[in-house]
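Written out below as structure tokens is the structure these notes cover.
The values are calculated or read from the model by the stated rules, or taken from the named source; none is laboratory data. Note that the structure is predicted; figures quoted are calculated from it, not measured. When we count neighbours, we look across all protein chains shown, and the Cβ atoms used for this are built from the backbone with ideal geometry, even at glycine. Note: areas computed on protein heavy atoms with side chains; ligands, DNA, RNA excluded. Shrake-Rupley method; radii C 1.70, N 1.55, O 1.52, S 1.80 Å.
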Amino acid sequence: MMFKEGSPVYAIEVERKQGEDVMYVNYLTAPFVPSLSDNPSVMERTIESLGENPEVSRVVFVQQRNYNYPSEQVLLLSELARLYNYMTKQEAILSPEKLSIFGETSQVYEDLSYLLVLLKQDPVRCYVEMGSRIKGLREQLVSGNVAKKPALASYIRFLERFLGLLESTKLIRSVISNLGDYTLGSREIYQPIFRPDVLPNFTFTRLIAQLPSDGELIDQYSIDGKQGDIVVTILKRPNDSKYFYHIMPPEYALKEEHHVLLNLARNVLTEHRPKAEEFTNPERTRQVFFNVARDLLTELSRSKGINLTYRELTDLSEILVRHTIGFGLIEVLLADEQLQDVVLNAPISQNTVFVRHEKYDECVTNILPSYEDAESWAAKLRLQSGRPLDEANPVLDTDLVFGSSRARVAAIKEPLSPSGLAYAFRRHRDQPWTLPLFIKNKMINSFAAGLLSFLIDGSRTLLVAGTRSAGKTSLLGSLLLEIMPKYRVIVVEDTLELPVDSLRAIGYDILRLKVRSALVAGTTEIEASEGIRASLRLGDSALIVGEVRSSEAKALYEAMRVGALANVVAGTIHGDSPYGVFDRVVNDLDVPATSFKATDLIIVANPVKTPDGLHSVKRVVSVTEVRKHWSKDPIEEVGFVDLLRYNVEKDELEPTQELINGESEIIKSIASRVKGWAGNWDAVYDNILLRGKMKQEIVDAAARIGKPEILEAKFNALSNAVFHKISDEVVQNVGLPVSDLVFPEWKKWLYHSAANF
């Protein structure tokens, strides 16, 4: 709620959003910072307003910063408001008729009026003073005027009833054990009870600044943000299976004068609403807005006599862009490289943000998003993606890019989500995953990396399968790096997740096609199946499909049949086993069973639970070849043959006897087209081991010489290029890329290049 200029101080607006009534109170021109714990007048006005608006569950004091009091604190005051209304209205205790039974009406009137005002301004003092008053009146009852005793006794009974009702309130019950150290009139007793979430005026997303008092510190690290390091604190609370993820972004710790500048600048910037065409290049739009924000803040700071350093000006400009055309605190969370998912559940304003951390799994955060911000994000996603999000199309699947951060976002709304908007952000790694990185993280071992590299070089058709969050897309992205850069690659995606830009930056000949999502209708985007068919007309290329979901499956299998023995054709698909993939492709996506045989390999990646059941790790659990002799059911007719199988006891991928004994038809097919390998299983197996040994050496070298950057895509691409060059030289000399000759030369290159990389 933004009060208009000239709105009276203490003006109240109540808004109902997603089943919650929120009361906004205007303190913009008040000469003090509004505080329930420190200011009796603020508490009095709030209790009076709650008495008139009993459904309110949250109160926000609007100033240069907003002070949000959550429902559990507001309910304490609502109970006092109901008590006040009961005593003044239903009891009508200040009426002449009621006062007459107490004897001296003027003195009782003053007494009760004082206590009722005190009930609103300082309920703890009211409770203590009323107890003392009753004690004194009882002493008067014993020694006082006999004629006045009936009226006095009646008054004492009334006050005892009043005291009993006050004592039964949650606020008094929460402090009653601490009254031994209480000083009459001191408001320190309220400070641990009424602690608002302080948030900037330019956002309604709340932040719980205080760390949980019962939290055990587990970890603390910094995010390298554009406004300097942002501290993340991980805590564990008793009886809570989730970790607590606490973050303090810079916009929640600004100076008051900086808040003034940002509020003024935001009011100017919001007059210009970006048009759809401006979102065709979001990064350029952000840069333009950043320049405008910087110029505007410079002008405003001069007119207000506020000195800004260059760093302060840059930081404030970034914050302003983030909270006008950006995605607010979502951008801060997605800057954390250790986060994998960010989830916002409906109703948005009543649920904290949840995140999935690579080390601590599911975490609850200290961020409470607002309905206003959620609606703003939805509008931006519609503009940026060109896809609808409305009652007819309640799902929007798209991607976000800001700076080095990339994420896939799914948004849903009514009627699919009856409680309103909800979001799921899947963060992509800043750089592509590589096979050495997967070895380091134990998703695969070096032998598996060598086998996968060999199979990609052999131009096979494959599907990477797994459940949600299994790492399918990341693994597929790492396999792209095993394609020799001299070959062209076409990537077909409905949501941009594969690291195309990063691969292009290191010299890959790669083209991306963006197609319509299977969940969307009525857009100008090309259907996925048409996009795949179009790729076949774009020249000789490897074909990569981001995810096989719907009718494009038939077109993909057309591409597999056309591309067989010529180029890599690969994609990802949901499925937890080779037969699960077959069942989905044939029975769900209506691809003929005989066409499925165009698949050469199925790589299955699934999360594996740790023994305590609280954590999971990502692992490739099988690499399976699809044989061609079966006709109806690959299970019954032994159409699936595992080449690698996960051993859960050893936490290791192990080669099967079929692979060790040279019984893989796919590998023999690859070997049959290479001079010196046909019929020479030892030479083929030696090459697989060589490739794996090289990947492992990169991992070991990175640790040994302290160069983690050699695990990344750029060095991996260089390594593969050098490997092929050295292999070719050895072949020219001895006829085969013998491991004992190739590896020493490559290793020399590795340590020389790594030291200077």
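Could you state the orientation-averaged shadow area of the convex hull built on the Cα atoms of the stretch 678-723, in nm² to one decimal?
Result: 3.6 nm².
If the limit is 27 Å between Cα atoms, which of Lys472/Lys693; Lys359/Lys748; Lys242/Lys609; Lys668/Lys695; Lys632/Lys675; Lys413/Lys554 go over it?
Pairs exceeding the cut-off: Lys359/Lys748; Lys632/Lys675; Lys413/Lys554.
Can you give me the accessible area per residue for the chain, using a 1.4 Å probe, in Å²?
Per-residue accessible area for the chain comes out at 44 Å².
Rank these residues by their accessible area, most exposed first, probe 1.4 Å: Lys380, Lys650.
So the residues, ranked largest to smallest area, are Lys650, Lys380.
If you roll a 1.4 Å probe over the chain with all protein chains in place, what percent of the accessible area is carbon or sulfur?
51 percent
Which value, in debye to the nearest 20, describes the size of the charge dipole of the chain about its Cα centre when Lys and Arg Cβ atoms bear +1, Asp and Glu Cβ atoms bear -1, and nothing else is charged?
380 debye
What number does the stretch 541-663 give for Rg over Rh if you use C-alpha atoms and the Kirkwood radius?
Answer for the stretch 541-663: 0.99.
For the stretch 294-366, what value does the Rg/Rh ratio take when both radii are computed over Cα atoms and Rh is the Kirkwood radius, given to two decimals?
When Rh is taken as the Kirkwood radius, the ratio is 1.15.
Lys/Arg Cβ at +1, Asp/Glu Cβ at -1, dipole of the chain taken about the Cα centre: which of Val74, Ser303, Ser541 is farthest positive-ward?
Positive-end residue among those listed: Ser303.
By a straight-distance test (C-alpha under 12 Å), which aspartates and glutamates pair with Lys707 as possible cross-link partners, with residues fewer than eight away in the same chain excluded?
Cross-link targets: none qualify.
Calculate how large, on average over all directions, the projected area of the Cα convex hull of the stretch 617-757 is; give the answer in nm² to one decimal.
11.0 nm²
How do Glu256, Glu482 rank by accessible surface area computed with a 1.4 Å probe, from largest to smallest?
Descending accessible area places them as Glu256, Glu482.
What lysines sit close enough to Lys304 to cross-link, taking a C-alpha to C-alpha distance under 27 Å and skipping anything fewer than 8 places away on the same chain?
Reachable lysines: Lys4, Lys226, Lys255.
Please name whichever of Thr624, Cys363, Tyr751 sits farthest to the positive end of the charge dipole of the chain, dipole taken about the Cα centre and charges placed at Cβ: Lys and Arg +1, Asp and Glu -1.
Tyr751
What number, rounded to the nearest 500 deg cm²/dmol, is the helix-based mean residue ellipticity at 222 nm of the chain, given -39500 (n - 2.57) per DSSP H run of at least four residues and division by all its residues?
-12500 deg cm²/dmol
Tell me, rounded to the nearest percent, the portion of alpha carbon pairs in the stretch 449-514 spaced more than 19 Å apart.
Above the 19 Å cut-off, the stretch 449-514 has 33 percent of its Cα pairs.
Could you work out the equivalent-ellipsoid semi-axes for the stretch 231-352, taking the square root of 5 times each eigenvalue of the Cα gyration tensor, largest first, in whole Å?
Output for the stretch 231-352: semi-axes of 30, 19, 13 Å.
Under the classification rounded if a/c is under 1.5, otherwise prolate if a/b is larger than b/c and oblate if not, where does the stretch 321-401 fall, given a ≥ b ≥ c as square roots of the Cα gyration tensor eigenvalues?
Since a/c reaches 1.5 and a/b is larger than b/c, the shape of the stretch 321-401 is classed as prolate.
Dividing the Cα convex hull volume of the stretch 700-743 by residue count, how many Å³ per residue is that?
With only Cα atoms used, the stretch 700-743 gives 66 Å³ per residue.
In whole angstrom, how long is each semi-axis of the equivalent ellipsoid of the stretch 117-274, when you take the square root of 5 times every eigenvalue of its Cα gyration tensor and sort them from largest down?
51, 22, 12
Filter the trypsin sites (Lys or Arg not before Pro) in the stretch 391-493 down to the DSSP loop ones having no more than 11 other Cβ atoms within 10 Å, then list what survives.
Arg468, Lys486
With Rg and the Kirkwood Rh both taken from Cα atoms, where does Rg over Rh land for the chain?
1.11
Give the residue list of GluC sites (Glu not before Pro) in the stretch 650-757 that are DSSP loop and have at most 11 other beta-carbon atoms within 10 angstrom.
Sites meeting the loop and neighbour criteria: none at all.
Binning at 5 angstrom from zero up to the longest distance, how are the C-alpha pair distances of the stretch 122-188 distributed in percent?
Computed distribution, short to long bins: 3, 16, 25, 20, 14, 11, 8, 3, 0.
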